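Peer 1: I am attaching a structure below and will ask some questions about it afterwards.
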Amino acid sequence: MPTTSHAKTNAGGKRRSAALEPYLLLAPAVLILAAFFAYPLLKGITLAFYHYVLFEPQNIYFAGLDNFKKIVADPNLPLILRNSVLWVALTVGLQFLLGFVLALALNKTFRGKNLYQSVVFLPWAVSGFLIGMMFKWMFNAQNGLINYWLVKAGIVAKGVPFLALPHVSIFPVIVAMVWYGVPFFGIMILAALQSIPHDIYESAEIDGAGSWTKLFKITIPYIKPTLIVTVLLRVIWVFNSADLIYIMTNGGPANSSDNLPSYILSQIFNTSDFGVASALGLLMLVLLTVYTVIFLYVTKYEDAGDI
Amino acid sequence: MMTKRLLDRLPEVFRAAALLLFLLFTVVPFYWMFVTSIKTRQEIYSSELTLWPKQFTWANYVDTLHNTQFPLYFANSVLVTVVSSLIVLVISVMGGYSMSRYRFRGKKAVLLVFLGTQMIPTIIILVPLFILFSKMNMLDHLSSLIVTYTVMNIPFCLITMSSFFQRIPVALEEAAFIDGCNKWQTMLLIVLPLMLPAIVATFVFAFTGAWNELFFGIMFINGEAAKTIPIGLNNFVQKFDINWGQMSAGGIMSLIPVMIMFAAVQKYIVSGLTQGAVKG
Amino acid sequence: MQRKMFIVLVCAALALMMALAGCSPAGQSGQSQNGSSGSQTTQGGNGGTPAKPVKLTYLDPLPSPERTALMQDLLKRFHDQNPNIEVEYQSVPWDQASKKWLAMGASGTLPDVVSIDDTSMTGLAAAGYIENLQPYYDKWSQTGNLTEASKLSRNKYKGNVYAIPDGFGLQGLFVRTDWFKELNLEPKIETWDDYFDLAKKLTDPAKGRYGISFRGGANGILRAMEYVVNAVHTDSWFEKDGKSILYRPEAAAAFKKFYSVYLDGYAPKESINWGFNEMVQGFMNGQAGILNQTPEVIVTADKNMKPGTWTVLPMPKASDGKRYMTWGYTAGYAMSAKSQNKAEAWKLIEFLSSPEINLEYCKKFSAIPIYKKNMDDPFFKQGPIAGYAASLADANIVYSTPPSYLTELPNFSGTYAVQETQKYLTGAQSLDDTVKHLADFLTQAQQKYMKENPQ
């Protein structure tokens, strides 16, 4: 029977709880984060409650919830939030699905596998800036490779200006983001797959389990902690990612491809209003924290692993 | 009998198809980057799209190597990336082990704080971080990038690491413990070798995260001496002109170290090693 | 198996040691690189001069191999003249520059001398990051030799000069003469009607050709307002009482006419997102036949286009026969308010702005010089740049400037107006609403300014 031994993990954990060890082991991570991130983070959060515009140095004061009132009154906000959800759901969903399939496909040896892996994982190593520039060009209506092929194949009569169409322009950015992010899931899931002991599969095969049974009864339950953690982390990371949007569409046309961080980016440097931008940042922090708590609860992460 | 065999072979067919499709999907942008890198300026800017250059040239590569500081950027990138990802790795292994193997007060708080650092847009913390580095005299200096990339990558790597640790049965460690190994020996002799695929994956993550980072690089570095590859690539986009040829050439060249790194670490993600260790 | 594990373990331990040891050498090597690059410039200087050695930094927002080489050469020549002053060249790519100026300003680390553009200047001055140059400007021996245009230039905040323009960035129309030839059209754009007429004639969607390289992204509104002031014959965006001219019905009509170029399909669909870079790219790669840009673009077009396929025409005349000129500068020299060596920093600005250097600089980067005398140089009488010089020579020129003194201008032209006009262009918002929103925004900012700065 393919059961994992997480129950034991908990028991093992308990036995060792007395010592200072866990704190010591965590200390380097906590210290370096505290030294370099604590001040900027706290500063960023406090600024959300200040009128803080760099262009008005004589006019800085505690403003209570004024910045938040401004945000709520912003007619663009509902659209931005909707875009953010679409952006995260589609990007992470596709990255996960494709990455999982890729990892399964790579979980067996075949000739040329090393070379294949080196190529397929390579997008992960390309700078976001270069990815944005290349995809922006490839999606161009006049001289873009994608439109060139679409026209050649007779799918469209003339180039489609993907990046200029409201409510369409976000999808090319998602494609670029998926291209970039599939290797991450691929690598992480493959690493997890590699650590499944083979004897579990062997005994399952003796019991007559087919490929699909093995996948759903052994593989997925076994790597569930990794799946949960990678999805959790990627959602946060993708939600907080603005660079491809900034390069490919700059949020346009008319904010229809803006997500929350790219919107903040476009607001902050022209207004120098770090108060409102910080309030938007704080809103993002709250949304993602709520998401994290719900996600951990729904996925029963407490039972799957002990964090 | 027949249907069962067919069903069993179906995954094989899927597998081959999936591998092929992925390859195509992955290769297209690289192909375009490469083709651009061997075209002349006029051809790149002509209104006619060519799938292979009419006039083939290596000039973009030569120019990038000779007329820009690319070799220097390269060295800086390697230094920053290797140092920061090794630090990240060590800290994440320690922290990840702690998070997965111990029960202690404040663990959930630590998890949430780690995640929290990733939930704020970098823009918000830019100015305070800038002030911090300027006070520490670290601006325009590779150390500012090493520190930033280390701090940036620790939360993800540490949490990922702990999720990998969770899948290693505690029984294994307990057995070693009974055999007379102390905690450190157990960790170093039993657990870490088992974790190699995970360690490699985490290293790759930290490596690429640092290798690609552009924004902080641009903000913290002013002089030529400490610039990294992404900044160098961004320099090819001038106010009005984009030097597509050299930018693509630089992009292709910047992939070489990463490919070498991938090739070097891949053999550690071989199933044999893990399997043997578990059995032995 | 045991042995294998042992090897792995040793490797891991080694890696750990390297990581920890790696920290400090990494830092040191960075430092020594900085040091050495600095000391290169020192050579030949420090020895023998009694003056106190001073080290300045200069930040260039427009790095390119050519420009970087010239600027470094200029800094070296400055050092040769002033052996006690050594200047380090630093750079930031243009599209990240304004972010870096703010971050540096906020942390008090802005380099002694920094090149900034007209739109960013006011904000940096208001924030107190850059120095008021008026006292230096008043004493400057060259002030009287500047062209009228440079004196009126968008380099003042609250009436004081904060930057010395590097060149005079007026607009001109780049045209694809090869397209004109094919269609048997004369490359001539005398009036704005010609402009709209040609936009239509040059458009051939089947060939992927469009009339105008349109700017729907950041700062595109500046081009629209340029047409609006020409259409309503005024030199200001505002009425005397601070109300936006966009409230005038004829201004709204002009606004509509300007954007009809996009709505009627005489510009590439994608140009709704285009900024300065993309519009130049769009012109060069054969998507658009007319491009409204500054002389700096000549160098770029020269590099990427076949000779004889393009030229530059002066901006069209308004219906009253005048040219209402919008202008600015991209890399004017400003000084950090936190500079420890202000006298030396001004010396550097003076050097970079001297007539000889300005002429050399303008020839190299195809900019219009800031000195009257330099305009007589034969370089400005021929080739594409003559198109710009010609419009300057016109007696009927009216300088009509965007309100750069408003700290809200970057937000207006870079963000707010972009969103509003894109809503209009995608059909999500009516013309009346769009014009009203823009007018309200501008009026509010202007009236606030008038209250704070009574004349």
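The values are calculated or read from the model by the stated rules, or taken from the named source; none is laboratory data. Note that the structure is a prediction, hence the values are computed from the model and not measured. All Cβ positions, even for glycine, are placed from backbone atoms using ideal geometry, and neighbour counts span all protein chains on display. The area values use the complete protein model at the heavy-atom level, side chains included, leaving out ligands, DNA and RNA. Shrake-Rupley method; radii C 1.70, N 1.55, O 1.52, S 1.80 Å.
Peer 1: Can you tell me which residue is farthest from residue A:126 (Cα to Cα) among those in region B:241-253 that are open to solvent by less than 10 Å² (accessible area, probe 1.4 Å) and not aliphatic (A, V, I, L, M)?
Peer 2: Looking at residues that are open to solvent by less than 10 Å² (accessible area, probe 1.4 Å) and not aliphatic (A, V, I, L, M), I get B:241.
Peer 1: Quickly run through region C:252-294 and pick out the residues that are of a type in the set (S, T, N, Q), more than 22 Å from residue C:62 (Cβ to Cβ) and buried (at least 23 other Cβ atoms within 10 Å of the Cβ).
Peer 2: Matches in region C:252-294: C:271, C:273, C:287.
Peer 1: Is it the case that region C:264-272 has a residue that's within 14 Å of chain B (Cβ to nearest Cβ) and not polar (S, T, N, Q)?
Peer 2: yes
To keep it simple, each residue is scored yes or no on (1) facing chain A (nearest Cβ under 7 Å); (2) open to solvent by 30 Å² or more (accessible area, probe 1.4 Å); (3) under 22 Å from the mean Cα position of the chain (by Cα).
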site: B:102; (1), (2), (3): yes, no, no
site: B:105; (1), (2), (3): no, yes, no
site: B:108; (1), (2), (3): no, yes, no
site: B:118; (1), (2), (3): yes, no, yes
site: B:137; (1), (2), (3): no, yes, no
site: B:142; (1), (2), (3): no, no, yes
site: B:151; (1), (2), (3): yes, no, yes
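Peer 1: Does region C:166-176 include one or more residues that are open to solvent by 30 Å² or more (accessible area, probe 1.4 Å) and at pLDDT below 95?
Peer 2: Checking region C:166-176: not a single residue is open to solvent by 30 Å² or more (accessible area, probe 1.4 Å) and at pLDDT below 95.
Peer 1: Being surrounded by fewer than 19 Cβ atoms within 10 Å (Cβ to Cβ) and either closer than 30 Å to residue C:97 by Cβ or over 23 Å from the mean Cα position of the chain (by Cα) (or both) is the requirement here; does residue C:402 meet it?
Peer 2: So residue C:402 does not fit the description; no.
Peer 1: Which residue pairs have Cβ atoms under 7 Å apart, sit 6 or more places apart or on different chains, and have a first residue in region B:122-134 that is touching a residue at least 24 places away in the same chain (Cβ under 8 Å) and open to solvent by less than 30 Å² (accessible area, probe 1.4 Å) and a second that is among the polar types (S, T, N, Q) and outside any helix (DSSP H, G or I)?
Peer 2: Pairs found: B:130/C:107.
Peer 1: Okay, next question. What residue, of C:191, C:203, is among the β-branched types (Val, Ile, Thr) and more than 29 Å from residue C:118 (Cα to Cα)?
Peer 2: On inspection, the qualifying residue turns out to be C:203.
Peer 1: If you go through region C:146-155 one residue at a time, how many are surrounded by fewer than 20 Cβ atoms within 10 Å (Cβ to Cβ) and either among the basic types (Lys, Arg) or more than 25 Å from residue C:394 (Cβ to Cβ) (or both)?
Peer 2: Residues flagged as surrounded by fewer than 20 Cβ atoms within 10 Å (Cβ to Cβ) and either among the basic types (Lys, Arg) or more than 25 Å from residue C:394 (Cβ to Cβ) (or both) within region C:146-155 amount to 1.
Peer 1: Taking only region A:71-87 into account, find how many residues are away from chain C (no Cβ under 14 Å) and in contact (Cβ under 8 Å) with a residue 24 or more places away in the chain.
Peer 2: Count: 5.
Peer 1: Would you check if there is a residue in region A:65-74 being modelled with pLDDT of 90 or more, farther than 30 Å from residue B:86 by Cα, in contact with a helix residue (DSSP H, G or I) (Cβ under 7 Å, 6 or more places away or on another chain) and open to solvent by 20 Å² or more (accessible area, probe 1.4 Å)?
Peer 2: Yes, there is a match, as at least one residue in region A:65-74 is modelled with pLDDT of 90 or more, farther than 30 Å from residue B:86 by Cα, in contact with a helix residue (DSSP H, G or I) (Cβ under 7 Å, 6 or more places away or on another chain) and open to solvent by 20 Å² or more (accessible area, probe 1.4 Å).
Peer 1: Do we have any residue at all in region A:270-281 that's closer than 24 Å to residue B:159 by Cα, surrounded by fewer than 24 Cβ atoms within 10 Å (Cβ to Cβ) and not aromatic (Phe, Trp, Tyr)?
Peer 2: No, region A:270-281 contains no residue that is closer than 24 Å to residue B:159 by Cα, surrounded by fewer than 24 Cβ atoms within 10 Å (Cβ to Cβ) and not aromatic (Phe, Trp, Tyr).
Peer 1: Between a residue in region A:251-265 that is in contact (Cβ under 8 Å) with a residue 24 or more places away in the chain and at positive phi and any residue that is β-branched (Val, Ile, Thr) and open to solvent by 10 Å² or more (accessible area, probe 1.4 Å), which pairs come within a Cβ distance under 6 Å, given they are 6 or more apart or on different chains?
Peer 2: Partner pairs satisfying both residue conditions: A:254/C:426.
Peer 1: Quick check on this structure: which one of C:218, C:224, C:254, C:267 is in a helix (DSSP H, G or I), assigned by TED's automatic domain parsing to the domain that holds residue C:411 and touching a residue at least 40 places away in the same chain (Cβ under 8 Å)?
Peer 2: When all the criteria are applied, what remains is C:224.
Peer 1: Only one of these is facing chain A (nearest Cβ under 7 Å), surrounded by fewer than 19 Cβ atoms within 10 Å (Cβ to Cβ) and over 23 Å from the mean Cα position of the chain (by Cα): B:171, B:176. Name it.
Peer 2: Within the list B:171, B:176, the selection yields B:171.
Peer 1: Of the conditions (1) facing another protein chain (nearest Cβ under 10 Å); (2) in a helix (DSSP H, G or I); (3) of a type in the set (A, V, I, L, M), residue B:51 clears all except one; give me its number.
Peer 2: For residue B:51, the failing item is (2).
Peer 1: Residue by residue through region C:177-207, note down the ones that are under 30 Å from residue C:331 (Cα atoms) and either of a type in the set (A, V, I, L, M, F, W, C) or buried (at least 24 other Cβ atoms within 10 Å of the Cβ) (or both).
Peer 2: Hits for region C:177-207 are C:189, C:192.
Peer 1: Out of region A:88-105, which residues are in contact with a helix residue (DSSP H, G or I) (Cβ under 6 Å, 6 or more places away or on another chain) and at the interface with another protein chain (Cβ under 8 Å from one of its Cβ atoms)?
Peer 2: Listed by number, the residues that qualify are A:98, A:101, A:102, A:105.
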